[in-house]
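The values are calculated or read from the model by the stated rules, or taken from the named source; none is laboratory data. Source: prediction; values computed, not measured. Every residue, glycine among them, receives a Cβ derived from its backbone with ideal geometry; neighbour counts consider all protein chains shown. Side chains are part of the model used for accessible areas, which takes the heavy atoms of the whole protein and leaves out ligands, DNA and RNA. Shrake-Rupley method; radii C 1.70, N 1.55, O 1.52, S 1.80 Å.
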Amino acid sequence: MESEMIKEFRKCLDDNILYYWLDRMVDSRGGFYGRRDGFDMLDRDAPKGAILNARILWSFAAAFRLTGNFAYELLASRARDYIRDRFMDNVYGGVYWSVSADGKPLDTRKQFYAIAFAIYGLAEHYRTTGDEESLRMAQSLFHDIETHSLDREKGGYLEAQTRDWHPIADMRLSEKDDNSAKTMNTHLHIMEGYTALLRVWRSPELFDATKGLLRIFLDRILDKDTGHLGLFFNDDWEREDGIFSYGHDIEASWLMLETAMVIGDDGLYKETLAATEKIAMAALEGRREDGSMIYERHADGSLDDDRHWWVQAENVIGQLYLAAYHGKPEFVGAAAESWRYIKEKLIDPGKGEWYWSRRGSDGSINREEDKAGFWKCPYHNSRMCIEGIETLSKITGCQNK
């Protein structure tokens, strides 16, 4: 089973996900197009988001590290150059939230979530290619976050500021979010970016910041009674929601453990190992008999039972981590069931890439959301393939190529 899954993940990565971005999303004006709609129609005039471009950078850099395919290195470098030339704010620092289709600054606010993803992509690019410019850019962005986002009095990181680092009224990532000062999602991805950077740059300041972020998850964000993570908090770390986000829980369960491994503190690793097993098992309350995972449980107890593409991808990785690191080998089979759901329900075998979601009400394809766009990037699914290959290779002891 494991060797077959490795082969299928590699084929999905190469032939379904990354080929789509190579074939359909490269913009002759520079960088990558900002959007294809749910029917795969190109919107040439769509704005280009920092998150999309940073995730493209990470995906192609990580794929090059795994496969040695130089076409992926070229696409990673193209993404890095576009971030450097169009998204980096050379006056105030940080990265713009978005630029226009022709690369002019559009929304210039500083969303620390987006800056974290730029660090994530740049650190992976340096790890893969040894490009010193990418490392310098990532280091500069790390210092921007530490200077402007870190709450030195109450702990944690604030959500957003204006272009020139002043308070901003609307700090939300999207209209779906609460306008809270601190969120689990931003902390998760700052930690993710810092962990990637710590792999290649063992700065004492970065080490302490990464360790501090993991402690925030263990001490502030994790509800030790339920095993779920809180999503929205005020300045004083008082929780402002009652939502169970199954996808974020399962994603955090393996990202937290990855961070503990990179930090390398044995006591912290053991503490994180116990906590992340509890988080993963709580997340699996959202798993259904067909292997899929629903989106979330609202504060009133009602369910959003759509099957979002990114939740399914993180569900596979989280279950493989349960098998590889938590002594639960039965979750290889469970992950295979979840992967089967993705193959049958979410992958577009004709045009490539994955659909946004299947609707819980009738199982239909959700074409109201993008096939590729501001939030629909080759990141969760390519990472599922890459992490899946590497984790299954650890379990079986076989080579990952």
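Numbers for the structure displayed
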{"read-out": "Distance between the range 186-214 and the range 27-46 - C-alpha centres, whole angstrom", "value": "33"}
{"read-out": "Whole-Å semi-axes of the range 294-380's equivalent ellipsoid (Cα gyration tensor)", "value": "23, 18, 12"}
{"read-out": "The chain, relative contact order in percent, only Cα pairs under 8 angstrom and at least six apart counted", "value": "19"}
{"read-out": "For the chain, built as a Gaussian network whose Cα springs stay under 10 Å, the top-fluctuating residue of L57, L303, L222", "value": "L303"}
{"read-out": "For D102, solvent-accessible area (1.4 Å; no DNA, RNA or ligand), Å²", "value": "80"}
{"read-out": "Accessible surface, 1.4 Å probe, highest first, among residues E314, E240", "value": "E240, E314"}
{"read-out": "Accessible area (Å², 1.4 Å probe, nearest 10) - W201", "value": "60"}
{"read-out": "With every protein chain in place, the range 1-101: carbon and sulfur % of accessible area (1.4 Å)", "value": "50"}
{"read-out": "Charge dipole (the chain, unit charges on Cβ, about Cα centre) - positive-most of G301, S245, T162", "value": "T162"}
{"read-out": "Prolate/oblate/rounded label for the chain (Cα gyration tensor, a/c 1.5)", "value": "rounded"}
{"read-out": "DSSP H segments from the chain that extend 20 Å or more along their own axis, Cα-based, with Kyte-Doolittle mean of -0.5 or above", "value": "50-67, 112-129, 184-200, 246-263, 266-283, 309-325, 380-396"}
{"read-out": "Rounded Å value of the spacing that divides the Cα centres of the range 239-318 and the range 79-100", "value": "32"}
{"read-out": "Residue of I168, I115, I145 that the Gaussian network model of the chain assigns the largest fluctuation, springs spanning Cα pairs under 10 Å", "value": "I168"}
{"read-out": "The chain: most fluctuating residue of S245, S292, S174 per GNM, C-alpha cutoff 10 Å", "value": "S174"}
{"read-out": "Sequence-distant residues sharing a close amide H with D27 (under 5 Å, placed H)", "value": "F32, Y33"}
{"read-out": "List K11, K278, K48, ordered by accessible area with a 1.4 Å probe, largest first", "value": "K11, K278, K48"}
{"read-out": "Solvent-accessible area per residue for the chain (1.4 angstrom probe, square angstrom)", "value": "38"}
{"read-out": "3J(HN,Hα) from dihedral phi, the range 83-94, Karplus parametrisation 6.51/-1.76/1.60, rounded to Hz, x for glycine, proline", "value": "4, 4, 7, 10, 9, 5, 8, 7, 8, 10, x, x"}
{"read-out": "Stokes-Einstein D for the range 32-87, Kirkwood Rh over Cα pairs, 25 °C, 0.890 mPa s (µm²/s)", "value": "206"}
{"read-out": "Set of lysines with alpha-carbon distance to K110 below 18 Å, sequence-local pairs under 8 removed", "value": "K48, K182"}
